[in-house]
Amino acid sequence: MGKYIFKSLLQMVPVLFLISTIVFILVHVTGDPVALMLPETATEEDRATLTKALGLDKPLLVQFGLFLSNVIRGDFGTSFHYGQSALPLVLERLPASFELAVAAMVVATIMAIPLGIISAIKRNTFLDLFISGISVLGKAMPNFWTGIMLILLFSVMLGVFPVSGRGGIEHLVLPAITLGAAVTAQMTRLIRSSMLEILNQEYIRTARSKGLLEIVVICKHAFRNGLIPVVTIMSLQFTSLIGGTLITETVFSWPGLGQLLVTAVNTHDMAIVQAAVFIIAIIVIISNLLTDLIYRILDPRIKYS
């Protein structure tokens, strides 16, 4: 196990190098950074001064080397929109996005697990068709529409929850439901498929023939063995939630990483974009490593080499 973790951490180095290369290329193909940063009234002298300050007057390979050395030190440049170093700004917004993503995953897990199990147990019944229909509908509804509808119903009409902002638990409910709706739909369908496959296994029939309670057969024997694909999708969904909360955060004015990225893209603030992409990549890599370790806990037969 220790060798596997060490080997996985070493594999992060080439992955992060590749991501850094892609980010560097994207910065240079999106347009002239000097033209994006300076106003239209800037003089040629101003352009030359900023070009030299950013190191853009040097050959491309030299610029790439300087970029990599800065990345190793955690220096992604200064945000010209905020006038601050980019990385601290991203790290400052990250907890809010984590809070929203975790809340969305909690909502999705609480709803998807019982719905998926019930749908599998009641296969081809009206209840199964109803749950499957709701899952398809939840997956089809875009986040911004779901968020707006929830705001109109629970904030404007009923006045139960606040419209926007980050504060107490009441501020978190609507954004978490909005973000977790699509995840719930996907997890429900996956749990149903996984449970249907396992319920037909020989050891499930053996457990039932021993006279075990149905709830024990379902929860202890069937569901635990069907958790591996569920853990996989939860890992993938959680990392996508961290990087993909921008629509929900914009709708609810949630001060997270997604809203920061939207502002950075609109203002062509590439320092923020670089730092955010790099941090999200690290989160994805670490999440995948943790998922592999959870596999071993769920199924000791899995070996790492």
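The values are calculated or read from the model by the stated rules, or taken from the named source; none is laboratory data. The structure presented is a predicted model; accordingly, all values stated were derived computationally and were not measured. Cβ sites come from the backbone with ideal geometry, for glycine too, and all protein chains shown count toward neighbours. Note: accessible area is taken over every heavy atom of the protein model, side chains too, but ligands, DNA and RNA are not part of it. Shrake-Rupley method; radii C 1.70, N 1.55, O 1.52, S 1.80 Å.
Tell me, which residue of the stretch 181-233 that is free of Cβ contacts under 8 Å to residues at least 40 places away in the same chain and touching a Leu at 6+ places or on another chain (Cβ under 7 Å) is nearest to S119 (Cα to Cα)?
Top of the filtered list is A222.
Please verify whether the stretch 191-204 includes one or more residues that are closer than 22 Å to L100 by Cβ and assigned to a helix (DSSP H, G or I).
Looking through the stretch 191-204, none of the residues is closer than 22 Å to L100 by Cβ and assigned to a helix (DSSP H, G or I).
Among all residue pairs at least 6 apart or on different chains, which show Cβ distances below 9 Å where the first residue, located in the stretch 10-32, is at pLDDT below 75 and the second is outside any helix (DSSP H, G or I)?
If the second residue must be outside any helix (DSSP H, G or I), the pairs left are T30/H268; G31/H268; D32/L56.
Looking only at the stretch 242-251, which residues are open to solvent by less than 10 Å² (accessible area, probe 1.4 Å) and either part of a helix (DSSP H, G or I) or touching a strand residue (DSSP E or B) at 6+ places or on another chain (Cβ under 7 Å) (or both)?
Step one: of the stretch 242-251, the residues open to solvent by less than 10 Å² (accessible area, probe 1.4 Å) are 242, 245, 248-249.
Once the filter is applied, which keeps residues that are open to solvent by less than 10 Å² (accessible area, probe 1.4 Å) and either part of a helix (DSSP H, G or I) or touching a strand residue (DSSP E or B) at 6+ places or on another chain (Cβ under 7 Å) (or both), the stretch 242-251 yields I242, T248, E249.
Residues are listed down the side, and each one gets a yes or a no for (1) closer than 22 Å to V107 by Cα; (2) outside any helix (DSSP H, G or I); (3) in contact with a Cys (Cβ under 8 Å, 6 or more places away or on another chain); (4) modelled with pLDDT of 85 or more:
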position: S164; (1), (2), (3), (4): yes, yes, no, no
position: G167; (1), (2), (3), (4): yes, yes, no, no
position: L174; (1), (2), (3), (4): yes, no, no, yes
position: L179; (1), (2), (3), (4): yes, no, no, yes
position: T206; (1), (2), (3), (4): no, no, no, no
position: H221; (1), (2), (3), (4): no, no, no, no
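Select from the stretch 57-80 the residues that are within 22 Å of I272 (Cβ to Cβ) and open to solvent by 50 Å² or more (accessible area, probe 1.4 Å) and write down the one among them that is modelled with the lowest pLDDT.
Of the stretch 57-80, the ones within 22 Å of I272 (Cβ to Cβ) are 63-64, 66-80.
Within this subset, residues satisfying the condition of being open to solvent by 50 Å² or more (accessible area, probe 1.4 Å) are 66, 72-73, 75, 78, 80.
Values: L66: 82, I72: 83, R73: 84, D75: 82, T78: 79, F80: 74.
By that ranking, first place goes to F80.
So for the stretch 146-156 (the condition being touching a residue at least 40 places away in the same chain (Cβ under 8 Å), open to solvent by 30 Å² or more (accessible area, probe 1.4 Å) and over 21 Å from I131 (Cα atoms)), does at least one residue qualify?
yes
Yes or no, residue by residue, for (1) closer than 21 Å to I22 by Cβ; (2) at pLDDT below 85; (3) among the hydrophobic types (A, V, I, L, M, F, W, C):
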{"residue": "G243", "(1), (2), (3)": "yes, yes, no"}
{"residue": "N266", "(1), (2), (3)": "no, yes, no"}
{"residue": "D269", "(1), (2), (3)": "yes, yes, no"}
{"residue": "Q274", "(1), (2), (3)": "yes, yes, no"}
{"residue": "I297", "(1), (2), (3)": "no, yes, yes"}
{"residue": "K303", "(1), (2), (3)": "no, yes, no"}
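For T41, are the conditions met, namely being β-branched (V, I, T), farther than 30 Å from E170 by Cα, open to solvent by 40 Å² or more (accessible area, probe 1.4 Å) and touching a residue at least 40 places away in the same chain (Cβ under 8 Å)?
no
Give the residues of the stretch 252-263 that are in a helix (DSSP H, G or I) and touching a Leu at 6+ places or on another chain (Cβ under 9 Å), sorted by residue number.
L257, G258, Q259, L260, L261, V262 - these are the residues of the stretch 252-263 that are in a helix (DSSP H, G or I) and touching a Leu at 6+ places or on another chain (Cβ under 9 Å).
Among the residues of the stretch 223-239, how many are open to solvent by less than 60 Å² (accessible area, probe 1.4 Å), of a type outside the set (A, V, I, L, M, F, W, C) and assigned to a helix (DSSP H, G or I)?
Final tally of qualifying residues: 5.
Answer with yes or no whether S155 is under 21 Å from N225 (Cβ atoms), more than 25 Å from the chain's Cα centre (by Cα), at pLDDT 85 or above and not in a loop (DSSP other than H, G, I, E, B).
So S155 fails the test.
If you go through the stretch 95-123 one residue at a time, how many are closer than 18 Å to A176 by Cα, open to solvent by 20 Å² or more (accessible area, probe 1.4 Å) and not hydrophobic (A, V, I, L, M, F, W, C)?
3
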